[in-house]
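Rule-based calculations on the coordinates, nothing more; no lab input. Predicted, not measured: the structure shown is a model, and the values here were computed from it. Here the Cβ positions follow ideal geometry from the backbone for every residue, glycine too, while neighbour counts run over all protein chains shown.
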Number of protein chains: 2
Amino acid sequence: MSDAFIKPIPALDPPYYTVVFSSLQTETLSGYGEAARHLGELVKEVPGFLGFESARTPGGIGITVGYFRDEESIDTWRRCLEHQAAQERGRTEWYQAYSVHVGKVERSYSFGQS
Amino acid sequence: MSDAFIKPIPALDPPYYTVVFSSLQTETLSGYGEAARHLGELVKEVPGFLGFESARTPGGIGITVGYFRDEESIDTWRRCLEHQAAQERGRTEWYQAYSVHVGKVERSYSFGQS
């Protein structure tokens with residue numbers, strides 16, 4: 001299990017961007033785990049990518065938050081062909097519904113980060 | 001279980017704000033469930049509150065995203081005394097670590113929302 005699943009991303013120096021991806025899955029999850037792991041590695045190669053975190057309530061919604069330095073780094077990730085292929089597969093197989101909200105972070109704070 | 005846990009918040013008309021709260025809990029969760037439910041009801045009374053969604057991977061991190069129309073509505077919620085008391089209890093009892101990232105949303109989109 002990657003760090004993305006086990007600890008919060010600390011507050012970063014603004015400005016940066018949060019991409020909130022919240023989703024409700026279908027019951028057709030064949031290939032999902034492998035794709036998620038692969039994309040989780042691939043995104044690390046995007047210049048300006050700062051980290052991500054992900055949580056899913058069993059039987060409920062999942063929320064993944066990606067952290068990016070600027071709009072350009074988000075665009076780079078959006079144009080990644082493997083990411084686009086996974087999104088298409090997500091719409092036809094893995095997700096009943098999802099939403100994406102892209103926000104420019106102007107302030108942040110943390111508690112208890114070592 | 002409230003709607004916040006079972007379906008994604010759809011894309012809204014920008015601008016609005018996302019407040020990403022990601023956390024790692026302790027094992028001292030006495031009173032946490034009641035407080036979370038109470039605050040989840042109380043926040044609905046804040047003018048400009050648009051909704052929230054929450055997910056937690058068992059044994060891992062939790063992510064709650066609050067959606068607000070403007071800075072003023074976030075400030076109203078931040079100044080709520082019951083919210084402040086819960087935050088204090090969170091730091092001393094419920095959370096090992098958490099982060100908050102406040103972002104101004106400029107674009108959003110949804111798939112499969114009815």
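Structural remarks
- Across chain B, C-alpha contacts under 8 Å between residues 6 or more apart give a mean separation that, scaled by the residue count, equals a relative contact order of 46 percent.
- Label-point separation in nm, B:Q113 to B:E82, each point 7 Å along Cα→Cβ: 2.7 nm
- Positive-end residue, the protein assembly as shown charge dipole about Cα centroid, Cβ charges, pick of A:F52, A:S30, B:L50: A:S30
- In straight-distance terms, cross-link reach from A:K7 covers every one of the lysines whose alpha-carbon lies under 26 Å from its own, apart from those fewer than eight places away in the same chain; here that gives A:K44, A:K104, B:K7, B:K104.
- Label positions at A:L42 and A:L29, each projected 7 Å from the Cα along the C-beta direction, are separated by 2.1 nm.
- Assuming charge only on the beta carbon of Lys and Arg (+1) and of Asp and Glu (-1), the dipole of region A:30-105 about its Cα centre is about 180 debye to the nearest 20.
- Estimated purely from DSSP H runs of n ≥ 4, each contributing -39500 (n - 2.57), the mean residue ellipticity at 222 nm for chain B is -7500 deg cm²/dmol once divided by its residues.
- Part-to-part distance (alpha-carbon centres) for region B:76-98 and region B:23-55, which is given in Å: 10 Å
- For the protein assembly as shown, with +1 on Lys and Arg beta carbons and -1 on Asp and Glu, the positive-most of B:I63, B:V105, B:Q84 along the dipole: B:I63
- Legend: Rg and Dmax of chain B, from Cα coordinates, 14.2, 41 Å.
- For region A:27-114, the list of GluC sites (Glu not before Pro) that fall in a loop by DSSP and count at most 16 other C-beta atoms within 10 angstrom reads A:E27.
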